[in-house]
Amino acid sequence: MAIVAMTRTMACSFLPLGVTRHLYETRVAATLFILHGEDHSNPFDHSLTFDMRELHMRPRIVAILCVDADPDRPEHGGARYDCPDKLIWRQLPELASKITSLRKDVLQRFGVKLRVTWFIRADSQIRQIHGDAAWCCREFRDLWNDLAQAGDELAWHPHAWRWSNPSRCWYNETIDTGYILESYDLGFEAFGTEFGRSPAASRVGINFHNDATMVKLDELGVKVDLSGYPGLRLYYGRPEVGSPIPEGFDWRRTLPEAYHPARDDYQRPAEDGSLSILEIPITTWRRTPSSFDFWKGLLPLKIYDGAGYVRPAFKGWFIPNVWGAPNRFRLGISQVLSRAKRKGIAHYASSMHPDDISEANFLKLRGNLEYLIKATKEEAVNLSIATASQAREDFTNYQFAANNSSTSSVQSPNF
Ligand SMILES: [Zn+2]
């Protein structure tokens with residue numbers, strides 16, 4: 001009660017009455033939603049709705065952990081891409097149980113609530129192979145219910161896998177936009193029908209977007225997408241596991257910050273008239289010449305000899321995955337911390353597949369999360385491990401406050 005009173009007083013001191021009331025009501029409503037069922041006696045597990053005191057006193061990091069709930073990939077014991085009619089889903093339930101134990105561990109040891117966003121497959125390939133685009137939603141329904149009960153978000157991971165008759169393999173369509181949009185329409189409707197509500201967050205298959213796919217998600221009413229990989233471009237085939245047809249994405253012009261994409265440029269915000277959907281890119285960082293990674297990145301890096309595809313745009317950039325090498329993760333987090341201090345808010349977003357999280361990588365995931373929690377505490381930066389939709393709501397509220405604040409002690413994010 002005392003906190004709310006102080007917040008209101010401080011807000012009143014520099015905002016018009018109407019704005020103050022709006023902020024106050026927004027804050028109370030969102031706080032009630034987010035704190036439901038959580039232990040918030042520990043001050044370190046911050047409310048996700050910004051607080052006016054935080055706006056002017058403490059920078060914040062909002063971390064979003066994404067799971068692309070895909071079937072096992074061929075290199076991890078799944079079906080090869082030249083197999084027309086089979087997908088294997090062994091690792092998804094295993095990851096769910098690992099996350100459940102990690103959630104308890106993190107809450108007990110640090111008082112921090114771990115929230116994960118699960119991006120569920122619903123698309124034309126799922127319909128073709130399992131007979132129904134909503135098959136994953138239904139087949140794992142108990143698992144989804146348990147995760148949602150624990151505070152996780154159930155989001156959407158549509159792929160545009162397409163069977164090629166001439167090449168006898170599955171590949172991700174990136175050229176025929178009509179096919180991609182059809183797959184998205186199909187999956188969106190199936191997801192909504194099965195769960196009784198439409199997905200609010202998405203990560204699209206192989207992170208591929210063009211202007212039409214981003215506009216499509218916006219038109220469908222998806223609120224937040226996390227498919228971006230700032231600085232990166234990747235095109236490749238996977239002949240050794242059955243799919244030689246090149247596919248990939250281009251996010252070279254995207255900045256590592258949340259933005260509302262332009263209608264005619266999915267990689268950038270518009271001057272005005274941006275889409276309503278918020279793109280929160282996966283965290284990537286440019287290597288600096290002082291790092292070993294930078295020099296290693298200059299070496300010619302071929303992925304697959306047979307196809308001869310290279311990924312030159314990876315030079316100079318790296319992805320500090322939350323389940324990846326601790327030295328890279330720490331380097332990435334140090335830059336996220338600097339951004340938070342500079343801008344007032346920064347996101348850390350990372351994605352994983354169920355088959356990424358081997359026992360060894362699970363230990364890295366646990367260690368990296370522990371590092372993130374301790375590093376933010378030491379640097380006096382607020383940390384929330386949020387779902388994608390919570391991050392979107394938090395960011396919208398933060399922007400509103402920053403844009404309407406008459407003081408200049410915090411630089412508002414520049415979009
Ligand atoms: Zn996927």
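Please treat every number below as a calculation from the coordinates, not as lab data. Since the structure is predicted, the reported quantities are computational estimates derived from the model, not experimental observations. Positions of Cβ are generated from backbone atoms using ideal geometry, with glycine treated the same way; all protein chains shown enter the neighbour counts.
Our coupling estimate for the stretch 185-195, obtained by passing each phi through the Karplus curve with A = 6.51, B = -1.76, C = 1.60 and θ = phi - 60°, is 4, 4, x, 4, 5, 5, 4, x, 5, 5, 8 Hz, Gly and Pro reported as x. Grab the Cα-Cα distance for residue 105 and residue 374, subtract it from 0.36 nm times how many residues apart they are, and report the gain in nm with one decimal. Here the segment from residue 105 to residue 374 would lengthen by 95.4 nm.
Just in the stretch 94-196: which trypsin sites (Lys or Arg not before Pro) are loop by DSSP and have at most 15 other Cβ atoms within 10 Å? Mind dumping the intermediate values first?
Details: sites: 98, 103, 104, 109, 113, 115, 121, 127, 138, 141, 162, 168; in loops: 113, 115, 121, 168.
Qualifying residues, ordered by number: 168.
Measuring r between the beta carbons of residue 148 and residue 404 and using R0 = 30 Å, the FRET efficiency lands at 0.35. Assign one of three labels to the stretch 66-192, namely rounded, prolate or oblate, based on the Cα gyration tensor with a ≥ b ≥ c the square roots of its eigenvalues; rounded applies when a/c is under 1.5, prolate when it is not and a/b is larger than b/c, and oblate otherwise. It is prolate, given that a/c is not under 1.5 and a/b is the larger ratio.
Please give the net charge around residue 88, taking every other residue with its beta carbon less than 15 angstrom from that of residue 88, where Lys and Arg add +1 and Asp and Glu add -1.
Around residue 88, the charge tally is -3.
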